[in-house]
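Note sheet for the following structure.
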């Protein structure tokens, strides 16, 4: 993976930089020993590793501001980091950059049931927010699979999703306010406990910006009351087409389930052999439909979904009759990644989104690619919103297999774009999909995005080498070519 | 050359012509007023523009796949046309956009989808379904650099690149010329009903709405209208006393069940009544479109966004400072529609923004004569670092300040 060339002049000043950072963040907050920095050398995209120049773990927003201001003034690159659970290499260090870890920002600041909000420091875990309000019957809706470990600050950076997105939205639909620090040290508050930001929706731009625009130091999210009832159906289909038809028919009936997940045969088998959830082994596609809400509604909709499934050719249907049984239905799906990890030394988890109706075509083409690249693939699919997670099985110890897996993954993502979808639904571009961005966007599109970065970080010091395949200087991006008096459309109506 | 508000009008027939018009304006360094059907033309600060770029000929649905919950249309397509198409498929834009036409002295039903998105509109369902920004998946646009570009996509779950759709939603046409927009659509509810609790004061109403919104009964609207304004909504059943309204939507059996649960939960606060489907639809549309203030066009109308639990406190504070002020509440108290007397000093901005104060939130002067909107801060003034950042963002998309310059903030 090509990363920005380390700046030799910065590396030469390392000792001076470490001292300057220690003056801002005293004590153990600055880590400069190689062995101690080792835990920061990668994130959940473990194929890539790089020791940072130094790690800084500030305690306060003021320290974050001073660290960024210093780095901005002397031209040092900064990689922000939460829990390091990014699947796209978003927190991959740079040899000449600091890691700015927000792990010490781990407190819940305010719980406000009257306004239905929680304000937390960015290092609080996603599940930590739900846990803080669960005793009152509330929860925070976005639930990425890494929710035990991933932080709410990282969720903002990645606009994290989860299995309940279709009904409850992604992070961006559930965050109300943030405090953030710009590279120049400016501390800015966006939004709050009210429902909409004033002025430009910079909160919306920050969410999903992969740590390239600013460092989040506080987050206010909305919390929801837990549904009265949750029940799930486990539905087996003889083909992915009939499974896909069923998903479409459920939505066409006006039903938006809390969760709707599909697995293909390899994923079903891997999961079943791992957790023994009682999944049918003779089906080509397995659908979990979870209905949540008031008791009367769930009772009504379970019957509706069952009828729809039968019309779509379901060959097996189970309906959860207890909370335990519902959890068992989910156990296999939730363990799908580790289950695949059991049957293969390594796997790559991809993350494209496609228009749902393209699923059969995409699965067929993926099977062809599997033959071509000589690697197996298992699929789990957030069926409601078209977010596909192909798991490519490989063995890093076999020469060439990592490369083959990456090539296979790239082919899948290009296919997603080709059928009208996108490169990433919830894992982010990071370094992993950076060089594929040209398949989805033109140079004009990408340059415009980079110009927005220039408004936040004109020296391009915040998390460079991520998201954009080419780095341009802001001065270069700012140039305009104006052709005076040219009117190629002389027939443009003028009144 | 015909005139339209004393400005010459450029009316492109398609996105290519719009691009040429923008390139011409850039080369002439002449500002453009961007309009669709003009229903929100009086929203924002008055600004100087020698030419109008009329986008109302950029019409037509370019993609609608009901089972994929997605619709794309050219930016000048009338909202009403899209809503009719969605209704045929029992779907809707769940964010329920406000129609500002009548409030601002125009007709109802005129606005375009581009205008709806540009002003990030949201109706009473905001508490459950979000605003236009939450449903805005992607767009094609022309930048103030004279380049056609796109962002986002047609799928709901997409984190590829910056979410520029959010930036454009609510930018009031100051950043780009939208030419095509893609939105998420959702099933329309099978049925709807409203639970009314009568004769509550503002503070109690806020508590009652909080209880409803904290409940698991999937409230799709929570509003409170004081007695003085209840009659102006045009719903016979509501006139004659303060009404705190909790909207339920969904499948028949579910509504029946939840209505009973809410009656049990809230019955201790006041008399509980129910509005059936038809009066319910009329009630929430009137509330959404600020009907209580349409018939008194001389009054200034403010829109306040505050933490919901603070709504009654903020309004009581304002009433103490501005005699004659009247208000009603949506979004469980988080959205306050406020009318004040036309002579108020500085359009009441000091009193109103002072009352919001430390609660956090903001106030927008929605209806006032041009002269007042030219001198008052129509949008909430921002702290210096945020104002500077917003100005830099404007610079990236519209460096020559061609698009609606100064409509939100001077110099932006």
Scan the stretch B:360-386 residue by residue and report those that are within 23 Å of the chain's Cα centre (by Cα) and within 8 Å of chain A (Cβ to nearest Cβ).
B:360, B:361, B:362, B:364, B:379, B:380, B:382, B:386
Restricting to the stretch A:135-149, name every residue that is touching a helix residue (DSSP H, G or I) at 6+ places or on another chain (Cβ under 6 Å), surrounded by fewer than 24 Cβ atoms within 10 Å (Cβ to Cβ) and under 24 Å from residue A:112 (Cβ atoms).
A:139, A:141, A:147
For residue B:252: the one exception among (1) under 25 Å from the mean Cα position of the chain (by Cα); (2) at pLDDT below 95
(1)
Residues satisfying the stated conditions in the stretch B:222-242, i.e. within 24 Å of residue B:126 (Cα to Cα) and touching a helix residue (DSSP H, G or I) at 6+ places or on another chain (Cβ under 6 Å)
B:222, B:223, B:224, B:229, B:232, B:233, B:234, B:235, B:238, B:242
Filter pass, residue B:304 being more than 19 Å from residue A:193 (Cα to Cα) and crowded, with 24+ Cβ neighbours inside 10 Å
no
In this structure, does residue B:192 turn out to be buried (at least 20 other Cβ atoms within 10 Å of the Cβ), within 14 Å of chain A (Cβ to nearest Cβ) and in a strand (DSSP E or B)?
yes
Selection within the stretch B:319-363 - assigned to a helix (DSSP H, G or I), touching a strand residue (DSSP E or B) at 6+ places or on another chain (Cβ under 6 Å) and either under 18 Å from residue B:286 (Cα atoms) or at pLDDT below 95 (or both)
B:332
Could you tell me which of the residues B:218, B:236 is assigned to a loop (DSSP other than H, G, I, E, B), closer than 19 Å to residue A:298 by Cβ and either at the interface with chain A (Cβ under 10 Å from one of its Cβ atoms) or touching a residue at least 40 places away in the same chain (Cβ under 8 Å) (or both)?
B:218
Sort out which residues of the stretch A:177-201 are over 21 Å from residue B:125 (Cα atoms), in contact with a helix residue (DSSP H, G or I) (Cβ under 7 Å, 6 or more places away or on another chain) and either assigned to a strand (DSSP E or B) or at the interface with chain B (Cβ under 8 Å from one of its Cβ atoms) (or both), and write them in order of number.
A:178, A:179, A:180, A:181, A:182, A:186, A:187, A:188, A:190, A:199, A:200
Does residue B:248 satisfy being assigned to a helix (DSSP H, G or I), closer than 19 Å to residue B:206 by Cα and in contact with a helix residue (DSSP H, G or I) (Cβ under 7 Å, 6 or more places away or on another chain)?
no
Quick one: would you say residue B:53 is crowded, with 22+ Cβ neighbours inside 10 Å and on the phi < 0 side of the Ramachandran plot?
yes
Against the condition at the interface with chain B (Cβ under 10 Å from one of its Cβ atoms) and in contact with a strand residue (DSSP E or B) (Cβ under 9 Å, 6 or more places away or on another chain), how does residue A:113 come out, does it pass?
yes
Please specify each residue of the stretch B:328-353 satisfying the condition of being crowded, with 24+ Cβ neighbours inside 10 Å and on the phi > 0 side of the Ramachandran plot.
B:331, B:332, B:333, B:348
Of the conditions (1) in contact with a helix residue (DSSP H, G or I) (Cβ under 8 Å, 6 or more places away or on another chain); (2) within 13 Å of chain A (Cβ to nearest Cβ), the single one that residue B:181 does not satisfy is (2)
Tell me the residue from A:304, A:323, A:284 that is surrounded by fewer than 22 Cβ atoms within 10 Å (Cβ to Cβ) and either out of contact with any helix residue (DSSP H, G or I) (no Cβ under 9 Å at 6 or more places or on another chain) or at pLDDT below 95 (or both), please.
A:323
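Residue by residue, here is whether (1) in a helix (DSSP H, G or I); (2) within 23 Å of the chain's Cα centre (by Cα); (3) more than 14 Å from chain B (Cβ to nearest Cβ); (4) closer than 30 Å to residue A:428 by Cβ holds:
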position: A:272; (1), (2), (3), (4): yes, no, yes, no
position: A:277; (1), (2), (3), (4): no, no, yes, yes
position: A:287; (1), (2), (3), (4): no, yes, yes, yes
position: A:298; (1), (2), (3), (4): yes, no, no, no
position: A:301; (1), (2), (3), (4): yes, no, no, no
position: A:332; (1), (2), (3), (4): yes, yes, yes, yes
Quick check: anything in the stretch B:137-151 on the phi > 0 side of the Ramachandran plot, surrounded by fewer than 24 Cβ atoms within 10 Å (Cβ to Cβ), within 14 Å of the chain's Cα centre (by Cα) and modelled with pLDDT of 95 or more?
no
Quick one: is residue A:310 farther than 18 Å from residue A:284 by Cβ and either at pLDDT 95 or above or out of contact with any helix residue (DSSP H, G or I) (no Cβ under 9 Å at 6 or more places or on another chain) (or both)?
no
Within the stretch A:230-245, is even one residue at pLDDT 95 or above and within 12 Å of another protein chain (Cβ to nearest Cβ)?
yes
Total residues in the stretch B:100-131, condition surrounded by fewer than 24 Cβ atoms within 10 Å (Cβ to Cβ), in contact with a helix residue (DSSP H, G or I) (Cβ under 7 Å, 6 or more places away or on another chain) and within 20 Å of residue B:60 (Cβ to Cβ):
1
Qualifying residues in the stretch B:255-281 (those that are within 14 Å of chain A (Cβ to nearest Cβ) and without any contact (Cβ under 8 Å) to a residue 24 or more places away in the chain) - the one surrounded by the most Cβ atoms within 10 Å (Cβ to Cβ):
B:257
Taking strands (runs of 3 or more DSSP E) that do not extend beyond the stretch B:51-113, which have at least 1 residues that are under 30 Å from residue B:368 (Cβ atoms) and assigned by TED's automatic domain parsing to the domain that holds residue B:177?
B:51-54
Can you pull out every residue in the stretch A:228-268 that is assigned to a loop (DSSP other than H, G, I, E, B), over 16 Å from residue A:290 (Cβ atoms) and in contact with a strand residue (DSSP E or B) (Cβ under 6 Å, 6 or more places away or on another chain)?
A:254
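The values are calculated or read from the model by the stated rules, or taken from the named source; none is laboratory data. All of these numbers come straight from a predicted model, not from anything done at the bench. Reconstructed Cβ throughout: ideal geometry from the backbone, glycine too, with neighbour counts over all protein chains shown.
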